[in-house]
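Working notes, beginning with the structure itself.
Each reported figure results from applying straightforward, stated rules to the coordinates on display, with no laboratory input. These numbers come from a predicted model, not from an experiment. Because the Cβ atoms are built from the backbone with ideal geometry, glycine has one as well, and the counts that use them run over all protein chains shown.
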Amino acid sequence: MQVSVENTSALERRMTIGVPAERIETEVNKRLQQTARKAKIPGFRPGKVPMSVIRQRYEDGARQDALGDLIQATFYEAVVEQKLNPAGAPSVEPKTFEKGKDLEYIATFEVFPEFTVAGFDSISVERLSADVADSDLDNMLEILRKQNVSFEVADRAAQNEDQLNIDFVGKIDGEAFAGGSATGTQLVLGSGRMIPGFEDGLVGAKAGEERVLSLTFPEDYQNLELAGKTAEFTVTVNTVSAPTLPELNETFFKQFGIKETNIEGFRTEVRKNMERELRQAIKSKVKNQVMDGLLAANPIEVPKALLENEVNRLRVQAVQQFGGNIKPDQLPAELFEEQAKRRVELGLIVAEVVKQFDLKPDDTRVRELIQEMASAYQEPEQVVAWYYKNEQQMNEVRSVVLEEQVVDTVLQKASVTDKAVSYEEAVKPVEAPQAD
């Protein structure tokens, strides 16, 4: 077998492979002999059909099968011989394809980028630290109460946090528009569910009252046909209901699957959950900074095949998340390219860090992570046992732990600044950068 390789770009390889005719004929004859043992042809007993008849009937098909299998086999033999690491399936183009002659074909494919991860000391990380104060716990209990609020009809003017039952009709230039009207809608004032000014315009309204609101849709409104336009909404208030917060009692505690029947026990359980959330938030923010630093310090070229695979994976996830009748390939690829590129780059860089530092999942950390996740359930021992019985789940946990070990490895070499903050600041999501 003859092999030559041409570098057509940083990652693309054009490999020409020659397969001797003798090897082809050997494979063809092997298939014909297999066919001869089981072929059923009138006038001949099974296994007694002359090879000339077998060749006449089946040689073309046997040759096509042999060539297909040989191209696949010799391609992988060639990449092993040339020490290449393909990042996707090759595009194959035969150069010569004649009976009795050597087979020569061209395989074009991309390889994984070869690089060494560097620049650890250029990475700066701000590591937050915080505690769950009693005031944080009190705030959380109020949030939980508000999430379980009930409403009772009130004979008074509407206030913020009241729930209104309304009918409304929206018009632009005197014409009703799609999605601008509804009947019997429940709306909590101050929830921010409607466009700016809508909820504020109903403060002070009473049941049976009609109000006309002249409002402008935001310039960045999700429906581009309405963005920036002024509309007139005629709103009829059917009922005004005042909020009633639930008492912190056994009935309330049971809604959260907590066995504790007293306030102190409930506060202890809520604090545990808040502390778990706090640890995860701090860890996540550190990890994001480390990953951003690795990307900035190690620009690499991404194989198109890997990028395309990741885009398709994100398309499928989007369809699964939002539903509808749309098919994944109907979603524009450009919607996912930036996210896909980041994920592929990070995957390659993290894998290289694992290789450079010979990292392996730490069994102790694997068990600690499983116990941490299990602690959120009523029967943590059963959850731990379930993980250890499911190899796929265990592999996912090991991947998470290995990624954490990559972060720890980078932190040992990066510039790390510790900063004490409040609980709220520590758990607050990082805002995405605004587009210019």
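Side notes on the structure shown:
- Distance between the 7 Å Cα→Cβ label points at residue 238 and residue 34: 7.1 nm.
- Sorted by Cβ density within 10 Å, fewest first, the residues 145, 315: 145, 315
- Between residue 131 and residue 363, the modelled labels are 3.7 nm apart [label points 7 Å from Cα along Cα→Cβ].
- Placing pseudo-labels 7 Å out from each Cα toward the beta carbon at residue 138 and residue 377 gives an inter-label distance of 3.6 nm.
- Net charge dipole size for the chain [Lys, Arg +1 and Asp, Glu -1 on Cβ; Debye, nearest 20]: 2720 debye
- Pairs spanning more than 24 Å between alpha-carbon atoms, out of 146/428; 285/413; 283/419; 254/287; 30/101; 341/389: 254/287; 341/389.
- Zone of residue 176's modelled label, taken as backbone nitrogen in segment 229-262 under 16 Å from a point 7 Å along Cα→Cβ: 232-236
- Residue among 91, 169, 124 farthest towards the positive dipole end of segment 80-174, charges placed on Cβ: 91
- Neighbour counts of C-beta atoms inside 10 Å place 264, 250, 277 in the sequence 264, 250, 277, starting with the fewest.
- Top of 110, 98, 425 by mean-square fluctuation, Gaussian network on the chain, Cα under 10 Å: 98
- Cβ-derived FRET efficiency at R0 45 Å, residue 356 paired with residue 145, nearest 0.05: 0.30
- One compactness figure for the chain is 1.49, namely its Cα radius of gyration divided by 2.2 N^0.38 Å.
- Against the main long axis of the alpha-carbon atoms of the chain, helix 337-356 sits at an angle near 70°.
- Sites residue 85 and residue 152 - FRET efficiency at Förster radius 60 Å, r taken between beta-carbons, to 0.05: 0.35
- Principal-axis tilt of helix 304-322 within the chain, Cα atoms, nearest 10 degrees: 40 degrees
- Cross-link partners for residue 259 among the lysines, with Cα-Cα distance under 19 Å and sequence neighbours closer than 8 places in the same chain left out: 272.
- In the elastic network of the chain, a GNM with C-alpha springs shorter than 10 Å, the most mobile of 160, 395, 223 is 223.
- For the chain, modelled as a GNM whose springs connect Cα atoms under 10 angstrom apart, the maximal fluctuation among 327, 413, 38 occurs at 38.
- Helix axis angle, 51-81 relative to the chain longest principal axis, alpha carbon, degrees: 60 degrees
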